[in-house]
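The values are calculated or read from the model by the stated rules, or taken from the named source; none is laboratory data. A quick note: this is a predicted structure, and the numbers were derived from the prediction, not measured. Heads up, the Cβs are rebuilt from the backbone with ideal geometry, glycines too, and the neighbour counts pull from every protein chain shown.
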Amino acid sequence: MSLFLCPICAAPLTREGQAYRCPNRHSYDVAREGYVHLLPANQKHSKHPGDDREMAAARTRFLDGGWYAPLRDALCALAAERLAPGGALLDAGCGEGYYTQGIFSALQNAGKSCSLAGVDLSKAALKKAARRVPGAEFAVASVYRLPVGDGAVDLLLDCFAPLALEEYRRVLRPGGVFLYVVPAPRHLLELKEILYDRPYENPEEAVAYPGFDYLDIVPVTGTMAIRDSQSLLDLFRMTPYAWKTPRAGVERLAALGRLDVTMDFRIHVFARQSR
């Protein structure tokens, strides 16, 4: 049974071979790589929404290097702890599926079968995600218009994706768990010191969102001893800094061959209120 709904009429979708179909005869072909396009044209804000091929490739190389493995492992532990067997998990803004794959494997190893879906705006990223986790389903869709039913999700992950609180409240069942990953104060500070003349720390925040109860804040902190320029440039390209850094800062980074960089995350753990 698919977690996805038809983006036109909101009826349940059923996968039949290489297409998803709803009872109202709307049909969506599954791409060769294994994802489906569920973003209506009137919800697209650009011709090619989401991360481009270069950014997706940079993030894949960097994450496959294991640099953010501590964050992946922390998310895996939380998912295995919080998701009951047979539950439904949604990765909102799943990117190329690095964390999706880790969580899926951790749940399997814990003997917890689950329904798993991921959505993202980037076709380039979803091509990689669908290859990483063939046992899950992936769709081009916006986190602000999730093609998922009310209360259909038991655990929702948002790892650096836009915060779509209304949609998350809608799709999570009462008591369902929401894992929200954000950069903590010193995240990538040394990288910012190379790129900018006046680098700043991120704010440390614990915001109580309407409709959710705080369960925990899990810190994940460490130092990445990066010793090759390719990994440094990949780290840069997968961040928002790639869009707004002055040329001089990029040139300083390109001239480096090594850098110790702090990774500093907070995983905010919420439960959807029943009221």
Please verify whether LEU215 is closer than 18 Å to ARG82 by Cβ and buried (at least 16 other Cβ atoms within 10 Å of the Cβ), treating the condition exactly as stated.
no
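Scan the stretch 168-181 and give yes if some residue there is of a type outside the set (D, E, K, R), surrounded by fewer than 21 Cβ atoms within 10 Å (Cβ to Cβ), in contact (Cβ under 8 Å) with a residue 12 or more places away in the chain and outside any strand (DSSP E or B), otherwise no.
Within the stretch 168-181, not a single residue is of a type outside the set (D, E, K, R), surrounded by fewer than 21 Cβ atoms within 10 Å (Cβ to Cβ), in contact (Cβ under 8 Å) with a residue 12 or more places away in the chain and outside any strand (DSSP E or B).
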If you go through the stretch 254-269 one residue at a time, do you hit one that is more than 23 Å from GLY65 (Cα to Cα), small (Gly, Ala, Ser) and part of a helix (DSSP H, G or I)?
no
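Results for (1) at positive phi; (2) more than 20 Å from the chain's Cα centre (by Cα); (3) at pLDDT 85 or above; (4) of a type in the set (Val, Ile, Thr), shown as yes or no for each residue.
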| position | (1), (2), (3), (4) |
| --- | --- |
| PRO23 | no, yes, yes, no |
| ASP29 | no, yes, yes, no |
| HIS37 | no, no, yes, no |
| HIS48 | no, no, no, no |
| ALA58 | no, no, yes, no |
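Residues checked against (1) closer than 27 Å to PHE178 by Cβ; (2) aliphatic (A, V, I, L, M):
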{"residue": "VAL207", "(1), (2)": "yes, yes"}
{"residue": "ILE217", "(1), (2)": "yes, yes"}
{"residue": "GLN230", "(1), (2)": "no, no"}
{"residue": "LEU233", "(1), (2)": "no, yes"}
{"residue": "MET238", "(1), (2)": "yes, yes"}
{"residue": "THR262", "(1), (2)": "yes, no"}
{"residue": "GLN273", "(1), (2)": "yes, no"}
Yes or no: the stretch 185-205 includes at least one residue that is within 14 Å of the chain's Cα centre (by Cα), modelled with pLDDT of 95 or more and of a type outside the set (Ser, Thr, Tyr).
no
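Table: residues versus (1) surrounded by 20 or more Cβ atoms within 10 Å (Cβ to Cβ); (2) among the β-branched types (Val, Ile, Thr).
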{"site": "VAL30", "(1), (2)": "no, yes"}
{"site": "PHE62", "(1), (2)": "yes, no"}
{"site": "GLU81", "(1), (2)": "no, no"}
{"site": "LEU89", "(1), (2)": "yes, no"}
{"site": "GLY93", "(1), (2)": "yes, no"}
{"site": "GLU96", "(1), (2)": "yes, no"}
{"site": "GLY102", "(1), (2)": "yes, no"}
